[in-house]
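S.K.: Pasting in a structure now, in structure tokens, and then I'll have a few things to ask.
Laboratory data are not the source of any read-out in this text; all were calculated from the coordinates shown. Being a predicted model, the structure only gives us computed values, none of them experimental. Backbone-built Cβ (ideal geometry, glycine too); neighbour counts: all protein chains shown.
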Amino acid sequence: MHEVDMTKCLILSMEEWAEKKNKEKIIVEKINLKIGEFTCVEPISLINTFNAAVLGSWLDSSEITIETIPFEGKCSKCNRSYFPKKENGYKSPCCNFNLEEIISGRELKIASIDFKEK
Amino acid sequence: MHLPISDKIELNILHQNSHQAEKNKVKFNNYNLLCLNIMSSPGAGKTRLLEITLEDLSIEFQSAVLEGDMTTNLDAARLEKLNIPVVPITTGRACHLDANMVSGGLKLLEKKINPHILDILLVENVGNLVCPAEFEIGEHFKVALLSITEGEDKPLKYPIMFREADLILITKVDLLPHLNFDINELKSNISSTNPKADVIEISSITKSGFDLWKKWISKKIMKFKK
């Protein structure tokens, strides 16, 4: 259900961005997102929610693309990076240390917007 | 028609919420008011925790509550009996409080009371282990409750919530003798997900752990007000 609210935030951000570009004179083709694996967002749900929410609006013809950013941590003992797994309690496979530092995977970003001028 | 242009903006999807959350925090700071965001699944014992906590805490500190609920004012009605300012926030379909809702709640609170006289604002979020974790409200600290009836694996299944929490309260520990529950496994799962979180075991029936929880709050208020 939170994808609805994420979509709302995304549309508000797009409105804010478009205000600076003169919304009437542009067509947004793609909204390119970066979504980390260690977030509460399900990419397919976000795309479906967005498509339903923008029907008939100025974003109707725009497409969402999502680049998934891997969940990566850093072992606080040996400083090696690793991909934490739930099955392993997110511990580092090298030293079996708890997950202290997250390098990536918390991203919820609009990376770029592809648009055309009418 | 012109050629497509790519505008690289690298903007947080939730930046509007984060922006409002920052504004809320500035307001809390100006009021010298510590704000805690209390989160858990439904039925983990948030409202009962607040009832017991506020009975004692209100003697020492001026407190108020913003009470998030999807459809009813039942929890707010319970807390109003403690004669402290309570503002219900009914979220409708939304399964979490966001920064705008809290801003609205704060405006209603300002009509009831001068927030300058308050020491602490407890915000009871909507019962949910997923969404509230991603939506900041301007809080100074996040407190997550996890009742032992929910199972040892929840920190691993809902890692964002427990990773984000500054304090994790393990609730309903009076039920331990009656359940096949391994509290050490739960604690190990909490440490794996969030080694930096403070952890307190608590029971609203026996009141065990409440002294530690109140100490934790007092310490945070005193440090904040310095």
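S.K.: Counting only other chains, what is the mean number of Cβ atoms within 10 angstrom of the Cβ of each residue in peptide A:105-118?
M.R.: The shielding value for this peptide is 5.
S.K.: Multiply the residue separation of B:Lys23 and B:Asn114 by 0.36 nm, subtract the distance between their alpha-carbon atoms, and state the gained length in nm to one decimal.
M.R.: Difference between extended and current length: 30.9 nm.
S.K.: Taking a cut-off of 14 Å, what percent of all Cα-Cα pairs in the range B:127-189 are separated by more than that?
M.R.: That fraction is 55 percent.
S.K.: Right, something else. For A:Glu72, list long-range residues whose amide hydrogen, built 1.01 Å from N in the peptide plane, is under 5 Å from its own amide hydrogen.
M.R.: Under 5 Å from the amide H of A:Glu72: A:Ile103, A:Ser104, A:Gly105.
S.K.: Using a Förster distance of 45 angstrom, determine the FRET efficiency expected from the C-beta separation of B:Leu175 and A:Ser104, and round it to 0.05.
M.R.: 0.70
S.K.: May I pose another question? Read phi for every residue in the range B:71-81 and hand back ³J(HN,Hα) as whole Hz from Karplus 6.51 cos²θ - 1.76 cosθ + 1.60, θ = phi - 60°, with x for Gly and Pro.
M.R.: Karplus-based 3J(HN,Hα) across the range B:71-81 equals 10, 10, 10, 4, 5, 4, 4, 4, 6, 4, 5 Hz.
S.K.: Could you pull out every residue, at least 5 positions away or on a different chain, whose amide H is within less than 5 Å of the one on A:Thr39? Hs are placed 1.01 Å off N in the peptide plane, and Pro or chain starts have none.
M.R.: The answer is none.
S.K.: If you don't mind, another one. Based only on the alpha carbon positions, what is the Kirkwood hydrodynamic radius of the protein assembly as shown, in angstrom?
M.R.: Hydrodynamic radius (Kirkwood, Cα only) of the protein assembly as shown equals 21.7 Å.
S.K.: Kindly provide the Kirkwood hydrodynamic radius of the range B:1-133 in Å, to one decimal, from all pairs of distinct alpha carbon atoms.
M.R.: 15.9
S.K.: May I pose another question? Taking the Cα atoms of chain B, report the difference between the largest and smallest coordinate on each principal axis, in whole Å and largest first.
M.R.: 73, 42, 37
S.K.: Let me ask something additional. If you take the beta carbon distance between B:Ser103 and A:Lys20 as r and set R0 to 35 Å, what does 1/(1 + (r/R0)^6) give as a FRET efficiency, to the nearest 0.05?
M.R.: Step by step, r from the Cβ atoms, then E = 0.90.
S.K.: To continue, here is another question. Kindly flag which residue pairs out of B:Lys154/B:Lys207; B:Lys27/B:Lys220; A:Lys20/B:Lys107; A:Lys91/B:Lys187; B:Lys23/B:Lys81 have an alpha-carbon separation exceeding 20 Å in this structure.
M.R.: From the list (B:Lys154/B:Lys207; B:Lys27/B:Lys220; A:Lys20/B:Lys107; A:Lys91/B:Lys187; B:Lys23/B:Lys81), the Cα-Cα distance tops 20 Å for B:Lys154/B:Lys207; A:Lys20/B:Lys107; B:Lys23/B:Lys81.
S.K.: Okay, moving on. Inside 10 Å of the C-beta atoms of B:9-21, what's the mean count of C-beta atoms belonging to other chains?
M.R.: 6
S.K.: Any idea how far apart B:Met70 and B:Lys214 come out in nm if each label point goes 7 Å out from Cα toward Cβ?
M.R.: 3.4
S.K.: From zero outward in steps of 10 Å, how is the percent of C-alpha pairs of the range B:53-102 spread across the bins?
M.R.: In order of increasing distance, the bins hold 26, 47, 24, 3 percent.
S.K.: Something else about it: Taking 0.36 nm per residue of sequence separation and subtracting the Cα-Cα distance, how much length would be gained by fully extending the chain between A:Leu55 and A:Ser81, in nm to one decimal?
M.R.: My answer for the length gained is 5.1 nm.
S.K.: Ok, one more. Could you run the Karplus curve 6.51 cos²θ - 1.76 cosθ + 1.60 with θ = phi - 60° over the range A:99-113 and give me ³J(HN,Hα) per residue in whole Hz, x for Gly and Pro?
M.R.: My calculation for the range A:99-113 gives 6, 9, 10, 9, 8, 8, x, 9, 6, 9, 10, 8, 6, 7, 10 Hz in order.
S.K.: Roughly speaking, what % of Cα-Cα pairs in the range B:169-226 are separated by over 18 Å, rounded to a whole number?
M.R.: 47
S.K.: Give the Rg (one decimal place) followed by the Dmax (whole number) of the range A:3-118, computed from C-alpha coordinates and expressed in Å.
M.R.: Cα only, the range A:3-118: 18.1, 57 Å (Rg, Dmax).
S.K.: Of all beta bridges DSSP finds with both residues in the protein assembly as shown, what is the antiparallel percent, to the nearest 5?
M.R.: Here the share of antiparallel DSSP bridges comes out near 35 percent.
S.K.: Hey, another quick one. Work out how far the C-alpha atoms of the range B:68-176 reach from end to end along every principal axis, then list the three figures in whole Å, largest first.
M.R.: Extents along the principal axes: 43, 29, 27 Å.
S.K.: I need the phi-derived Karplus couplings for the range B:100-113: 6.51 cos²θ - 1.76 cosθ + 1.60, θ = phi - 60°, integer Hz, Gly and Pro marked x.
M.R.: Coupling constants for the range B:100-113: 5, 5, 5, 4, x, x, 5, 5, 5, 5, 4, 6, 7, 7 Hz.
S.K.: Quick query: amide H of A:Thr65 versus all other amide H atoms, modeled in the peptide plane; which residues come in under 5 Å with a sequence gap of 5 or more or a different chain?
M.R.: Residues meeting the criterion, in which the H sits 1.01 Å from N, are A:Ile31, A:Asn32, A:Leu33.
S.K.: When you look at the Cβ of every residue in A:63-75, what mean number of other chain Cβ atoms sits within 10 Å?
M.R.: 0
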